[in-house]
Amino acid sequence: MGIESDRLQFSWVSSAEATKFVKVVTEVTKAIQALGPNKNLVKTIPKVA
Amino acid sequence: MLSYIDKIKEISTGLLKEGRVEMIIGFRKGTVPMMNEPHFAKSPAEVENFVWDSNCGINLCNYLTNRREKIGILAKGCDSRNIVTHIIENKIKRDQLVIIGVPCKGMLDKRKISAMFEAEIGEVIEDETNITVKGDGFEKTLNKKEVLQQNCSVCIHRNPVIHDELVGDPVEEQTDVDRYTDVREIEALPPEEKTKYFEKLLQPCIRCYACRNACPLCYCPTCFTDESRPQWVAKGQDPTDVSTFHFLRAYHCAGRCTDCGACERSCPVGINMRVFTKKLEKDCLELFDWEAGLDPNVRPPLDTYRPSDPDEFIK
């Protein structure tokens, strides 16, 4: 669909795996920050006064 | 293919006379060239209007959804696979149907043919290998193979996969075709190029939903595009909404689409939205070794779990 593969990630994290959760979030955030803001499939809605 | 019609009429008349079915769904000649329309014969007299040639591209399975009566239906390879999908999805019962199988050599791409001529086409005459296109002041003979619908030219299931009667000998299946050349080309594009490609592809879309209405898979009582609470997708021409409609519709057809080409055929502006459904068809084949509508006794990949299902995408 034109979405960069890093922008969408899947992971299994159990509620007992706090350290894994932190690791996943850090990695995903880093990957997405590297990609910059998403420009694909973004709709600009005109402002109504 | 042209010789099928006598057999079609013979079988249909028999079924109706014996009272085995209440109606037969087939084709009759349309009002413009290359556009046969569905015909519902309820008496032996109405059977006379049946025709069969290379303009029977509409997927007749679309007319079976939630029917209660006994029906005889003409089925090409793709139609028969959609009938199997309908049986799997409880949209019709097998014992309601008498499936009259029609081995198919492909249907004509009326848009491609029309584009070849500047003037309006008045008549198209067909024999086994060629068609002769006639109009005001011109006449040209074309080889059928060169003007087939794209999905027909790469079809690998021309013979009905399920049938009670067969109107002719099975035709030879194509084995040397590469079904996914176009999909691979798009897959190879970098993300921003893909976005541009899809925007350009869908730019002419007028959101008429002909593709949805022609599709036998699209039978939801209320389509997500028509929902207003919540409104999943806006109804305007914004490229984001247009893409959302096409992407979502394609995903709803994942593992079910038989690439019958009804969507592309019905599109008034000629969008090849089949690239989306074909991508999902390719994924289903590669990931789950699945081709839709081949066996009514096998559950499709999206409603079964196998421990061997691919999960490399989960980190």
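Residues of the range B:274-286 being within 14 Å of chain A (Cβ to nearest Cβ) and either in contact (Cβ under 8 Å) with a residue 40 or more places away in the chain or farther than 24 Å from B:Arg212 by Cβ (or both), which ones?
Result: B:Val275, B:Lys279.
Do any residues in the range B:227-245 that are closer than 14 Å to A:Val42 by Cβ and within 8 Å of chain A (Cβ to nearest Cβ) have Cβ atoms under 9 Å from those of residues that are among the hydrophobic types (A, V, I, L, M, F, W, C) and assigned to a helix (DSSP H, G or I), where the two are at least six apart or on different chains, and which pairs are they?
Close Cβ pairs satisfying both conditions: B:Ser243/B:Phe198; B:Ser243/B:Leu202.
Of B:Ala214, B:Ala254, which residue is within 14 Å of chain A (Cβ to nearest Cβ) and within 23 Å of the chain's Cα centre (by Cα)?
Details: B:Ala214 fails: within 14 Å of chain A (Cβ to nearest Cβ).
That would be B:Ala254, the only listed residue that is within 14 Å of chain A (Cβ to nearest Cβ) and within 23 Å of the chain's Cα centre (by Cα).
For (1) in a loop (DSSP other than H, G, I, E, B); (2) more than 20 Å from B:Leu189 (Cα to Cα), each residue gets a yes or a no:
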site: A:Val13; (1), (2): yes, yes
site: A:Ala16; (1), (2): yes, yes
site: A:Lys20; (1), (2): no, yes
site: A:Val25; (1), (2): no, yes
site: A:Lys30; (1), (2): no, yes
site: A:Gln33; (1), (2): no, yes
site: A:Asn40; (1), (2): yes, no
site: A:Lys43; (1), (2): yes, yes
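Any idea how many residues of the range B:291-315 are acidic (Asp, Glu) and farther than 18 Å from B:His252 by Cα?
Keep residues of the range B:291-315 that are acidic (Asp, Glu), which gives B:291, B:295, B:303, B:309, B:311-312.
Still in the running and farther than 18 Å from B:His252 by Cα: B:295, B:309, B:311-312.
Going through the range B:291-315 one residue at a time, the tally reaches 4.
For the condition closer than 18 Å to B:Lys91 by Cα and without any contact (Cβ under 8 Å) to a residue 24 or more places away in the chain, what is the one hit in B:Asp289, B:Asp303? Let's see the steps before the verdict.
Numbers: B:Asp289 fails: closer than 18 Å to B:Lys91 by Cα.
Result: B:Asp303 is the single residue among B:Asp289, B:Asp303 that is closer than 18 Å to B:Lys91 by Cα and without any contact (Cβ under 8 Å) to a residue 24 or more places away in the chain.
Would you point out the residue of the range B:74-86, among those that are of a type in the set (D, E, K, R) and in a helix (DSSP H, G or I), that is nearest to B:Ile8 (Cα to Cα)? Full working, then the answer.
As a first pass, look at the range B:74-86 and keep what is of a type in the set (D, E, K, R): B:76, B:79, B:81.
Remaining after also requiring in a helix (DSSP H, G or I): B:79, B:81.
Details: B:Asp79: 16, B:Arg81: 20 Å.
My answer is B:Asp79.
Could you tell me whether B:Val177 is in contact (Cβ under 8 Å) with a residue 40 or more places away in the chain, among the aliphatic types (A, V, I, L, M) and surrounded by fewer than 16 Cβ atoms within 10 Å (Cβ to Cβ)?
When the stated conditions are applied, B:Val177 does not pass them.
Do you know which residues across the range B:115-129 are touching a residue at least 12 places away in the same chain (Cβ under 8 Å) and either of a type outside the set (Val, Ile, Thr) or in contact with a Pro (Cβ under 7 Å, 6 or more places away or on another chain) (or both)? Let's see the steps before the verdict.
First pass over the range B:115-129, keeping only residues touching a residue at least 12 places away in the same chain (Cβ under 8 Å): B:116-117, B:119-124, B:126-129.
B:Met116, B:Phe117, B:Ala119, B:Glu120, B:Ile121, B:Gly122, B:Glu123, B:Val124, B:Glu126, B:Asp127, B:Glu128 - these are the residues of the range B:115-129 that are touching a residue at least 12 places away in the same chain (Cβ under 8 Å) and either of a type outside the set (Val, Ile, Thr) or in contact with a Pro (Cβ under 7 Å, 6 or more places away or on another chain) (or both).
State all residues of chain A that are surrounded by 10 or more Cβ atoms within 10 Å (Cβ to Cβ), aliphatic (A, V, I, L, M) and either away from chain B (no Cβ under 13 Å) or touching a strand residue (DSSP E or B) at 6+ places or on another chain (Cβ under 7 Å) (or both); if no residue qualifies, say none.
A:Ala18, A:Val22, A:Ile32
Considering only the range B:9-61, how many residues are among the basic types (Lys, Arg) and in a loop (DSSP other than H, G, I, E, B)? Lay out the reasoning, then the answer.
Going residue by residue through the range B:9-61, those that are among the basic types (Lys, Arg) are B:9, B:17, B:20, B:28-29, B:42.
Adding the requirement that they be in a loop (DSSP other than H, G, I, E, B) leaves B:20, B:29, B:42.
Of the residues in the range B:9-61, 3 are among the basic types (Lys, Arg) and in a loop (DSSP other than H, G, I, E, B).
Restricting to the range B:74-90, give me the number of residues that are polar (S, T, N, Q) and over 11 Å from B:Thr258 (Cβ atoms).
Here the count works out to 1.
Determine whether B:Ala262 is crowded, with 16+ Cβ neighbours inside 10 Å, within 14 Å of chain A (Cβ to nearest Cβ) and of a type in the set (A, V, I, L, M). Write out each step before concluding.
Details: crowded, with 16+ Cβ neighbours inside 10 Å: yes; within 14 Å of chain A (Cβ to nearest Cβ): no; of a type in the set (A, V, I, L, M): yes.
Here the answer is no, as B:Ala262 does not meet what is asked.
Are there any pairs with C-beta distances below 8 angstrom linking a residue in the range A:1-29 that is closer than 26 Å to B:Thr244 by Cβ and free of Cβ contacts under 8 Å to residues at least 12 places away in the same chain to a residue that is surrounded by fewer than 14 Cβ atoms within 10 Å (Cβ to Cβ) and β-branched (Val, Ile, Thr), with the two at least 6 apart or on different chains, and if so which?
What qualifies is A:Phe10/B:Ile314.
Quickly run through the range B:266-295 and pick out the residues that are part of a helix (DSSP H, G or I), touching a helix residue (DSSP H, G or I) at 6+ places or on another chain (Cβ under 7 Å) and buried (at least 16 other Cβ atoms within 10 Å of the Cβ). If you could, list the steps in order and put the result at the bottom.
At the first step, the residues of the range B:266-295 found to be part of a helix (DSSP H, G or I) are B:266, B:274-288.
After this cut, where a residue has to be touching a helix residue (DSSP H, G or I) at 6+ places or on another chain (Cβ under 7 Å) as well, the list is B:266, B:274-280, B:282, B:284, B:288.
Once the filter is applied, which keeps residues that are part of a helix (DSSP H, G or I), touching a helix residue (DSSP H, G or I) at 6+ places or on another chain (Cβ under 7 Å) and buried (at least 16 other Cβ atoms within 10 Å of the Cβ), the range B:266-295 yields B:Ser266, B:Arg274, B:Val275, B:Phe276, B:Thr277, B:Lys278, B:Lys279, B:Leu280, B:Cys284, B:Phe288.
Read-outs throughout are calculated quantities, based only on the coordinates presented, and are distinct from any laboratory measurement. From a predicted model like this one, the values you see are computed outputs, not experimental measurements. Glycine gets a Cβ as well: all are built from the backbone with ideal geometry, and neighbour counts include every protein chain shown.
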